[in-house]
Structure formats: structure tokens, C-alpha cells
Amino acid sequence: MGRYQNWCNEHDLITLDDIDANAVSDFASSLFPSLSAASAARTVVSVRGFHKFCVLEDWTVSNPAVDVHPVSIPRRLPKAMPYESVLLLIEGTDVSDLPHRDRAIMELLYGTGMRISELTNLSIDDIDPDSGTVIVTGKGNKQRLIPVGTYAIEAIKKYVEGERYELVGKGSGSHKLFLNRRGKPISRQSAWECVSQAALRAGIPGVSPHSLRHSYATHLLERGADVRTVQELLGHSSVTTTQVYTLVSVDTLREIYASSHPRAN
């Protein structure tokens, strides 16, 4: 609030009654470019809170900041990794305690663009290796059928026939695809840790599961995939709006995926 007070003093706004909506708006505008959008937004929120408090305490009768709102902060997406970095990340699973499981996790995250929560909710029956598809249950319990590349399918087969077969005996026979060392369904945190450890071994900082999702979408678009198709593959809520104009069949999705994604074949 010190910045706001100094600004008011510089503009001869000594008392609360001297400050009107234009003054608050001018102050908000003065925050740029000296502050980032996030910092400016926090400052405006503080000013709004201050004037609301003043009204509640009967220090003044009107709130000049009631119609002054902070600027919307653009959503930050993680930077897409170069394909070579993705390869290093996947190869970074080879020395983990459960290398086949962790590689299958990494191949699926990058090979399908699914969310980490969608991955941990996968059942073994959701994967159809013969057709090369996976049923993904996304937000709002909405399901989508998307293609899976051969790299991911092969990684899953090795995991299911090896490590998972042994892990099932330690637990209660869970139908979930990915299990922890005790044979129980892997948690979101454990899957996140799998990605983090692979990134650490590969020497790639700032990697999260969403980095793979964003890289998946970016690499598809860079190689010629249509934006609407990528939205369909990712399961974005905006697809509901666009699908009335573009009806994309599973076969079409598979063809575009096969020709666009670097690890589809």
C-alpha cells in the first residue's frame, strides 16, 4: 500500500474523499510497465480491499475502487521440450527401480498427451494394443478414445508381462494399469515423482507431467496436425463447441496421429 499512498500524495489526494474512481483507475494504469501483470493485479486487489475496508469502518461513504478491476493475467503454459529432450527424458527411466513401468508412464504421457490424473486412473482394460487405442476418462467423467503409438504399446506390454505381473501378487489384484511397489494403484504424486526423477537423471530442469502434454500438442501442431484434432485428442472442454463444425472419427484421428506424432510408428 506504500506505493498507492505515495502516488496519492504526489497527486495531492490527501484525504479519502479526494480519491474518486478516475484516480484509482489512473493509479492502476501507472503500474505498467514498472510491474509485471501479476504484481500489478495484486496491487490493485490490495487497493480495492483497502477502500472496501474504509467503507466498512465508516471512514468514508463511497468506494471509488468498486469498478476498478485488476487486469487478467495470461495463463502460462509450460514450454514445449525439443523432441531430443523428450528422448533423453524417456531414456532416463532405464535406471529407475521399476524401469518398464516408468518408461510406460513416460511413453503414454508423451504419446497421448493425457493428464497425470487420467494416467493414474487408467485400467488395464482401457488399453487395446490390437487397435492401438486407449480409453481416457477426463474431466467431468467424460471419456474419449485416442490412438496410442507403437512405442507406448511396446513399453506397456513389457511392463504388464514383467513388473506388473509380479506387483499384482503383492497387492489385492487391482485392475489399475500402473501399480506401486506394494501392488497398489500408483498415486498422482508417485507418477509426478517418476517424471521428476527421469528429468533429474536426464539433466533437464523444470519438467512436469504437463510439460509432456504441452510438448505432445506442440509437436503435433508443428508437424501439420489440425488444431481441432489436437483439441479432440487432448480432451479440452472447448471441443464441445467446435465438434458441431468438425466431426472427427477415431479412424481419422488415428491417421492424423500416425502421420503427425514422432513416436506413433
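Laboratory data are not the source of any read-out in this text; all were calculated from the coordinates shown. Here the structure is a predicted model, which is why all the values come from computation and not from measurement. As a convention, Cβ positions derive from the backbone with ideal geometry for all residues, glycine included, and neighbour counts pool all protein chains shown.
Here are a few things to note about the model shown:
- Phi-derived couplings, Karplus 6.51 cos²θ - 1.76 cosθ + 1.60 at θ = phi - 60°, listed residue by residue for the stretch 167-175: 5, 4, x, 7, x, 10, x, 5, 7 Hz, with x used for Gly and Pro.
- Per residue, the convex hull spanned by the Cα atoms of the chain amounts to 192 cubic angstrom.
- Once backbone amide H atoms are built at 1.01 Å from N, SER123 has LEU177 as its partners under 5 Å, excluding neighbours fewer than 5 places away on the same chain.
- Each Cα pair under 8 Å and six or more residues apart adds its sequence gap; the mean of these over the residue count of the stretch 68-158 is a relative contact order of 23 percent.
- Cα pair distances of the stretch 2-56 binned at 5 Å [whole percent]: 4, 18, 32, 28, 13, 4, 0
- For LYS170, the lysines whose Cα comes closer than 30 Å to its Cα, not counting residues fewer than 8 places off in the same chain, are LYS157, LYS158, LYS184.
- If R0 is taken as 35 Å, the Cβ-Cβ distance between ASN265 and PHE32 corresponds to a FRET efficiency of 0.10.
- Enclosing the Cα atoms of the stretch 74-143 in their convex hull gives a volume equal to 129 cubic angstrom per residue.
- Take the chain and mark each of the chymotrypsin sites (Phe, Trp or Tyr not before Pro) that is in a DSSP loop with at most 13 other Cβ atoms within 10 Å; the longest unmarked stretch, sites excluded, is 60-244.
- Extension gain, GLU57-VAL227: 0.36 nm per intervening residue step, less the Cα-Cα distance, totals 55.9 nm.
- Helix 188-202 and the longest principal axis of the Cα set of the chain meet at an angle near 80°.
- Mean separation of Cα contacts under 8 Å (6+ apart) over length of the chain, as relative contact order %: 19 percent
- Ignoring lysines fewer than eight residues from LYS139 along the same chain, the ones with Cα atoms less than 20 angstrom from its Cα are LYS176.
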